[in-house]
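Structure record follows, encoded as structure tokens.
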Amino acid sequence: MNAGLTALLVVVLILALGLVAVERGRGGAKEMALVATLGAAAAAGRVLFAPIPSVQPVTVMCLVTGAALGPRAGLAVGPIAGLVSNSFLGQGPWTPPQMALWAGAGLTGALLRTVCRRAVGLAAVAFAWGVLFGWAMNLWYLASFGPEVSAASMVLAGARSLPFDLAHATGNAVIAVVAGPALLRLLGRYAVRIRTEVVSPSPAPAHVRAGPPPPAPPAPVRPR
């Protein structure tokens, strides 16, 4: 078994564990269905934006999901989006690191939720993740295919990928400003709905339901 297939199996296993954790959370199956829907929507957006190099909504979707629904949901959305979208754009050894990085973006959104719940903060974090994503993929490529992992090779790879990294980062910031606040409000309302528990009052005991016994009738008065 080669390293790429092993990495893919590991990421799929982590994704499965994340979905199980989501299903056993407060939202249960409803939250898991919402996470799957968000992952599919992010994948569809990535395929739709494919003609524009490096511009896609997956990173922002992961950040917003983590900020609105928590780390478990944020962890699961990115891998779903990466796995589904690459089924149309092309699977390869790059799929596992992409899934792992988008999972990290979801966790970042959960950790920095107070920052990501503001449009400016979300745009800043999304921009930073656009650059970080590109450099992390460069590191993975050098580690997997060579020639070597060194400061010089990283600088050279970063210089070559800089236009694409800036396109990714700028696209993230624009999407965060345009769609981020509305998506945060929408997911916030859904989070309240799926995590609200309706507790029915327990029935009262029989003697309480029946109430106090009726008063005894007055004794008849005999005429004298």
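Readers should treat all values here as calculations from the given coordinates under stated rules, not as data from a laboratory. Please read these numbers as outputs of a predicted model, since none were measured by experiment.
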Phi to ³J(HN,Hα) by Karplus 6.51 cos²θ - 1.76 cosθ + 1.60 over segment 30-44, Hz, x for Gly, Pro: 5, 5, 5, 5, 5, 4, 4, 5, 5, x, 5, 5, 5, 5, 4
Kirkwood Rh, Cα atoms: Rg over Rh of segment 9-192: 0.97
